[in-house]
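We did not get these values from a lab; they are worked out from the coordinates using the rules stated. Here the structure is a predicted model, which is why all the values come from computation and not from measurement. Counting neighbours? That spans all protein chains shown, and the Cβs are built from the backbone with ideal geometry, glycine included.
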């Protein structure tokens, strides 16, 4: 029999984890979702066949794991009515910014694991950074890994502060990628191709390059150098990027996201 898992919040990330669990054989009858929006509740019921509730319910006391998946600014409001029922469960957070001490305090449990996933989890190609408080056992960690495995890769960090960097790099990272693809598509139109041709070429090129880098023992710097023949087309493009300071701008942007993650922990973790 599948262990009971309760989700507080039923948005995209919760749905990604739920879908992964069910595809891996977890019974939908052992998954409960607290979700105030009726349309979202109905969608979850129709798609996955899970139990949904509009607000905190005593059934939560049966949950062996509670997954916090609300927007960070709503965490405190969502936690208050759930707290009387969830203190015995393992707490898994997929919320950006909210610190584990706030989750421990609001839930009444020291068994807290924070996860920072990203949106490719929706297709099983995500990556999630993980941090566990001292009260989390090896068995708890293994269970968290199993729950998240269908959504993609996991990576443990030793210091909770490192999750701000994970948030900035991989949590927000897909948006950086889409931003670059938008620019490549615009350039395709400038050169006389259609937007659809640009989309296909840009996405296929980026996906292929990422897979090559993942499979290659070489660093991205070496792989780039191999494509960049002096005096060639790639050299012209890279030189233009260097003149415009793109590398520095990217690093600055990621650091800005890291700082915002830190601020969110202060703002919403009370």
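What is the distance in Å between the Cα centroid of region 227-253 and that of region 19-77? Their Cα centres are 46 Å away from one another.
Once the Cα atoms are used to define both axes, helix 12-23 deviates from the longest principal axis of the chain by about 80 degrees. The value of relative contact order for the chain, using C-alpha pairs under 8 Å at least six residues apart, is 17 percent. Counting only the Cα atoms, region 155-222 fills a convex hull of 113 Å³ per residue. For 76, 15, the sequence from fewest to most other C-beta atoms within 10 Å is 76, 15.
Protection proxy ranking, highest mean first, for peptides 122-132, 23-33: 122-132, 23-33, where packing is the per-residue count of other beta-carbon atoms within 10 Å, averaged. For the chain, adding -39500 (n - 2.57) for each run of n ≥ 4 DSSP H residues and dividing by the number of residues yields -16500 deg cm²/dmol at 222 nm. When the P(r) of region 203-259 is calculated, the portion above 18 Å amounts to 52% of the C-alpha pairs. Here the peptides 64-71, 103-110, 48-55 are ranked by packing, the mean other Cβ count within 10 Å, and the order with the highest first is 64-71, 103-110, 48-55. Size descriptors for the chain (Cα atoms only): Rg and Dmax, in that order, 21.2, 69 Å.
Would you work out if region 57-213 is rounded, prolate or oblate? Take a ≥ b ≥ c from the square roots of the eigenvalues of the alpha-carbon gyration tensor; rounded if a/c is under 1.5, else prolate when a/b is larger than b/c, oblate otherwise. Taking the square roots of the gyration eigenvalues as a ≥ b ≥ c, region 57-213 is prolate. Helix 75-86: angle to the longest alpha-carbon principal axis of the chain, degrees 0 to 90, nearest 10? Once rounded, the angle reads 40 degrees. Here the gap between residue 214 and residue 247, fully extended at 0.36 nm per residue and compared with their Cα-Cα distance, gives a gain of 9.8 nm.
Compared with the dominant Cα axis of the chain, that is its longest principal axis, helix 138-148 is turned about 60°.
Ordered by the count of other Cβ atoms within 10 Å of each Cβ, fewest first, 77, 160 give 77, 160.
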